[in-house]
Amino acid sequence: KRAYWSLSSSLIITFIVFVVFSLTQGLIAFILHTASEVTLEKVLYSQLGLISTISSVIGILIIMLFVKYKNNSIKNYLNLHLPNIKTSLILIFLFFCLIAIMELLSDYYPDIFYTDFVIESYRQTNNLPVFYLGVVFLGPIFEEFLFRGFLFKGIEKSPMGGKGAVFISAILFALVHIQYGFYILLFMIFPLALLLGYARLKSGSLLLPILLHSINNLVTCLVTHFEIY
């Protein structure tokens with residue numbers, strides 16, 4: 001009868017959604033692998049855009065179903081409202097400062113922060129527009145719907161409040177990106193997740209974290225593009 005899922009329910013549902021999302025990725029990769037003559041690793045790199053697109057759409061739909069089960073508005077539950085312009089500009093400025101710091105870290109310590117995941121995915125992709133659709137647009141929407149939207153709301157409505165929601169969602173967000181390595185998680189993804197959570201808290205809108213997340217992925221893709229070509 002509650003308007004929102006409880007903290008424990010939000011954590012369990014978040015886990016379920018992410019498991020379904022991951023299983024969907026694995027199933028799509030397996031189907032593409034069996035339909036071709038290339039290795040599974042090659043499929044994961046070359047079809048990352050398609051895999052991310054389909055799994056993200058399914059993940060978004062599942063989140064919406066859980067929200068509607070509470071007879072609640074998706075727009076209100078996930079805070080899909082236009083943020084304040086002044087607050088947005090300040091947070092966008094902080095975001096680009098963080099990006100600049102990350103770039104300096106990667107320049108000073110290239111061996112520690114190097115990852116071939118993005119480079120190989122970009123280099124081997126079969127369809128660049130689909131890659132951008134999945135990685136830059138739909139992927140960030142799904143992750144923000146799940147972590148700074150659905151999960152954030154459950155924690156925020158609990159005794160932990162908004163600050164707890166920022167911190168816990170950032171930890172879980174970093175943990176699901178384990179493929180990038182420990183130092184990237186600790187010094188890049190986790191600080192970015194904290195900023196995204198802070199942007200959601202201060203602006204009261206999920207649209208701002210979605211925008212920042214997409215910009216981050218777009219910048220990463222553009223930098224990778226110029227490194228390769």
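The values are calculated or read from the model by the stated rules, or taken from the named source; none is laboratory data. Note that this is a predicted model, so its numbers are computed, not measured. Virtual Cβ from ideal backbone geometry, glycine too; neighbours counted across all protein chains shown. Just so you know, the surface numbers come from the protein's heavy atoms only, side chains and all, with ligands and any DNA or RNA stripped out. Shrake-Rupley method; radii C 1.70, N 1.55, O 1.52, S 1.80 Å.
Structure above, values below:
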| item | result |
| --- | --- |
| The listed residue being hydrophobic (A, V, I, L, M, F, W, C), in contact (Cβ under 8 Å) with a residue 12 or more places away in the chain and closer than 26 Å to Met64 by Cβ, out of Leu94, Leu105, Leu175, Leu146 | Leu146 |
| Matching residues, the stretch 105-124, being closer than 14 Å to Asn217 by Cβ and either modelled with pLDDT of 90 or more or aromatic (Phe, Trp, Tyr) (or both) | Phe117, Ser121, Tyr122 |
| Residues of the stretch 106-115 classified as in a helix (DSSP H, G or I) and in contact with a helix residue (DSSP H, G or I) (Cβ under 6 Å, 6 or more places away or on another chain), total | 3 |
| Residues that are among the aromatic types (Phe, Trp, Tyr) and open to solvent by 30 Å² or more (accessible area, probe 1.4 Å), drawn from the stretch 60-97 | Phe66, Tyr69, Phe93, Phe96 |
| Subset tally (residues that are surrounded by fewer than 15 Cβ atoms within 10 Å (Cβ to Cβ) and small (Gly, Ala, Ser)) for the stretch 98-142 | 1 |
| Some residue of the stretch 209-217 being surrounded by fewer than 16 Cβ atoms within 10 Å (Cβ to Cβ) and not hydrophobic (A, V, I, L, M, F, W, C) | no |
